[in-house]
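First up is the structure itself, then whatever we jot down about it.
Values quoted throughout were computed directly from the atomic coordinates according to the rules given, and no laboratory measurement underlies them. Here the structure is a predicted model, which is why all the values come from computation and not from measurement. Neighbour counts are summed over all protein chains in view; Cβ atoms, including those assigned to glycine, are modelled from backbone coordinates with ideal geometry.
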Amino acid sequence: MMIETEREATFKRLKSAKVEVVLAVQDTTSFNFGHHPETKGLGVLDDNRTSGFFAHTTLGVSDEGVPLGLLDQQVWCRTKSTGKVPDAHKKRPITQKESMKWLNGLYATLPSPSHVIMVADREADIYEVFQEVDTSATDCIIRATRNRCLANNTKLVEALQKVDFEQKYEIEVARQAQQDSRLAQVGIRYTTLTLLPPQNRPKSSEVIPLQPITLQVVEVLEFDAPSGSEAIHWLLITTLAVRNLGDAQRIVRFYTYRWRVERFHFVLKSGCRFEASQLQSYEALTRFLALCSHQAWQILALTYQARVTPHAPCDTLLSPDQWQALQAHHTRQPIASTLCPTFAQACLWIAQLGGFIGRTSDGHPGVKVLWRGWQRLHDLVDMWTLFHQPP
C-alpha cells in the first residue's frame, strides 16, 4: 500500500514537472538477516541457507540521471530448495518464476504520464520482456547476455561483428567493487536485427505469445582498459530508434544511469542500515523497508540534483520548513528567509550536518554523510516548526 502511494506521488511529480521521458531503472537486491535467527517469516538467500528476503525496485530517473521517485518495489521470500529436480524452473511459464519481477516492474509504470524507458542489466535479457515492451507504449534498454538466433539463420554476436566501430569517445564508468570510478575510452557500433523467439518455452496457455521482433543493438567496447580494471563491454538491446551515432551514444548514456538503483540499494543498507533492524517479522520488515525507501530516494535525488543543476533552487525537493530551518541553522538567523538556497548550497549544508568538512580535496559529499545530515535535519525542522507556527 505504501509503495502504491509512492508510485502515485511520483506520477504526480512527473505530470507537474511535465517530464517527457522517465527511465524506469530496475534491479534486485537481497537483505541478509542471518544474524537475527528469531525473525519470523523469512526465506533463504542465494546460498539456500542464510535467512533473508529479496526486493526488486523500479526507480524513476530523469534523462539527466536524477532520481525522480519510486515506481515499484516488489518483495518476496524464497523457499529452501531441496534440489531433487534440477532445472525444474525451466519447465515453468514465466508467470510462475521470479523472472516475472521484470514484467511486473514494467506493468507498474504503464500509467505514467511520461514516456517510459525500462533500463536493466543482463538478468532482464528475457524474450518475454522484449515482447511486452514491443506491444506496449514503452521502450527498453537491456544489456544482452544471450547470443540469440536471428531471422537470417545467424547469431546476434556473429551479425554484429560484421559492423565496423564508428568512433572512440569517452564515458564515465561508475565505481564498482574493488574498482574506482574512471573515464573510459570506448568504441561504439550499432545495427538493426530481427530476433527469433526461443524454442524451449513450455506449451501453456499462460505463456505470453512470442513473435519475431526487430530491435536495435548497440555495442560498447573498451580497447585499452587500465591495468587491474575489467574492460567495458556492453551489448545493449533497445526498442528505441538508433538512426545515427548521436542516438547510439544516448542509449549508452541512459544505460549508465542503471547504477542509480544500485546506489539506492546502497543507501538502504549503509545509510538506513536496514539490515540492522531488530523487527521480529517479515511483515514488519517490509513495512519498514517502504518507509526507508522513501527517505533513500530523496537522499539520492539530492545527491545527483546538486551535481546536475547546482544553481537551481532546492524547493522542488525540500519543503519550505526544511530549507528555512536548514538556512537558519547555518546563517544563525532565526527569521524565516524568502530566498531559497540552491541545490549545491543545501546539499553542502546537509552534508555538514552529517560531518562533512568540505575541503577542496573532498569532492562531492557522498550518500552516507548526507544520510547522517538528513537525520539531523528532521530534528531542526521539528524545532523550527515549534517556533514558527502558522497564523
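Semi-axes, largest first, in whole Å: what does sqrt of 5 times each Cα gyration tensor eigenvalue give for region 87-164?
24, 19, 10
Just to confirm my understanding: which cysteines in the chain have no other cysteine beta carbon less than 4.7 Å from their beta carbon?
C77, C140, C149, C314, C340, C347
Does anything in region 27-44 have its amide N under 20 Å from the 7 Å Cα→Cβ label point of C77, and if so which residues?
Residues passing the 20 Å test: 29-44.
Note down the nm distance, to one decimal, between modelled labels 7 Å out along Cα→Cβ at S136 and at D362.
So the two model labels end up 4.3 nm from each other.
Determine the equivalent ellipsoid of region 309-387 by diagonalising the alpha-carbon gyration tensor, then write out the semi-axes as square roots of 5 times the eigenvalues, largest first, rounded to whole Å.
20, 14, 11
Would you mind computing, in nm to one decimal, how far apart the modelled labels at N32 and R92 are, each placed 7 Å from Cα along Cα→Cβ?
Inter-label distance under the simple model: 2.6 nm.
Could you work out the equivalent-ellipsoid semi-axes for region 127-170, taking the square root of 5 times each eigenvalue of the Cα gyration tensor, largest first, in whole Å?
23, 17, 9
Could you tell me how many degrees, from 0 to 90 and to the nearest 10, lie between the Cα long axis of helix 367-387 and the main elongation axis, the longest principal axis, of the Cα atoms of the chain?
Around 40 degrees separate the two axes.
Could you rank the peptides 307-314, 382-389 by their average count of other C-beta atoms within 10 Å per residue, with the highest value first?
307-314, 382-389
Ranking request for peptides 291-303, 268-280: highest mean number of other beta-carbon atoms within 10 Å first, then the rest in descending order.
With the highest mean Cβ count within 10 Å placed first, the list reads 291-303, 268-280.
With a ≥ b ≥ c taken as the square roots of the eigenvalues of the C-alpha gyration tensor of region 1-158, please select rounded if a/c is under 1.5 and otherwise prolate if a/b is larger than b/c or oblate if it is not?
Oblate shape, in that a/c is at least 1.5 and b/c is the bigger or equal ratio.
Just for the chain, what percent of DSSP beta bridges are antiparallel, to the closest 5?
Antiparallel bridges: around 85 percent, rounded to the nearest 5.
Per DSSP H run of n ≥ 4, the term is -39500 (n - 2.57); total these for the chain, divide by its residue number, and report the mean residue ellipticity at 222 nm rounded to 500 deg cm²/dmol.
Counting only the DSSP helices, I get -10500 deg cm²/dmol.
What's the angle, to the nearest 10 degrees (0 to 90), between helix 343-353's Cα axis and the longest principal axis of the chain?
Relative to the chain, helix 343-353 is tipped by roughly 70 degrees.
So if I take the alpha carbon set of the chain, get Rg, then get Rh from the Kirkwood formula, what is the Rg over Rh ratio?
Result: Rg/Rh = 0.99.
With just the Cα atoms of region 195-324, tell me how far they stretch along each of the three principal axes, in Å, largest first.
Result, largest extent first: 55, 44, 36 Å.
For a label point 7 Å from the Cα of Q375 along Cα→C-beta, name the residues of region 276-305 whose backbone N is under 20 Å from it.
Residues 276-280, 285-303 qualify, since their backbone N sits under 20 Å from the label point.
Can you tell me the orientation of helix 320-331 relative to the chain, as the angle in degrees between its alpha-carbon axis and the longest Cα principal axis, to the nearest 10?
It works out to around 60 degrees.
So for D125, D224, fewest C-beta neighbours within 10 Å to most, what's the order?
Sorted ascending by nearby Cβ count, the order is D224, D125.
Mind checking the full-extension length gain between T5 and A241? Use 0.36 nm per residue of separation minus the Cα-Cα distance, one decimal, nm.
In short, 81.6 nm is gained.
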